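Following: one structure in structure tokens, then a few remarks.
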Amino acid sequence: MSKKAKIAAGGVAVGILLLIWLPWWAALLIVLGVPAAAYLTLDPSQRRRLRRVSRKELGR
């Protein structure tokens with residue numbers, strides 16, 4: 001299992017636990033808010049690099 005697959009599996013597990021312990025809207029805010037906040041903390045050059053790498057992986 002690759003490192004990215006392990007991270008994805010862990011994220012799914014955390015999401016399921018949040019849905020059990022919190023109302024669905026709070027779990028949704030956490031699941032969507034954490035990656036958005038992490039992206040916004042990047043400086044503009046890091047955001048450009050992240051977008052460029054994402055496009056290469058998509059085959060653009």
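Laboratory data are not the source of any read-out in this text; all were calculated from the coordinates shown. The structure displayed is predicted, hence computed values, not measured ones. Reconstructed Cβ throughout: ideal geometry from the backbone, glycine too, with neighbour counts over all protein chains shown.
Each label was represented as a point 7 Å from its Cα along the Cα-to-Cβ direction; for Ile7 and Ser54 these points are 1.3 nm apart.
Computed over neighbours whose Cβ is under 14 Å from that of Gly11, the net charge equals +3, Lys and Arg +1, Asp and Glu -1. Here the calculated FRET efficiency for Leu19 and Leu40, from their Cβ-Cβ distance with R0 = 25 Å, stands at 0.50, rounded to the nearest 0.05.
Overall dimensions of the chain, expressed as equivalent-ellipsoid semi-axes from the Cα gyration tensor (√(5λ), whole Å, largest first), are 26, 17, 9.
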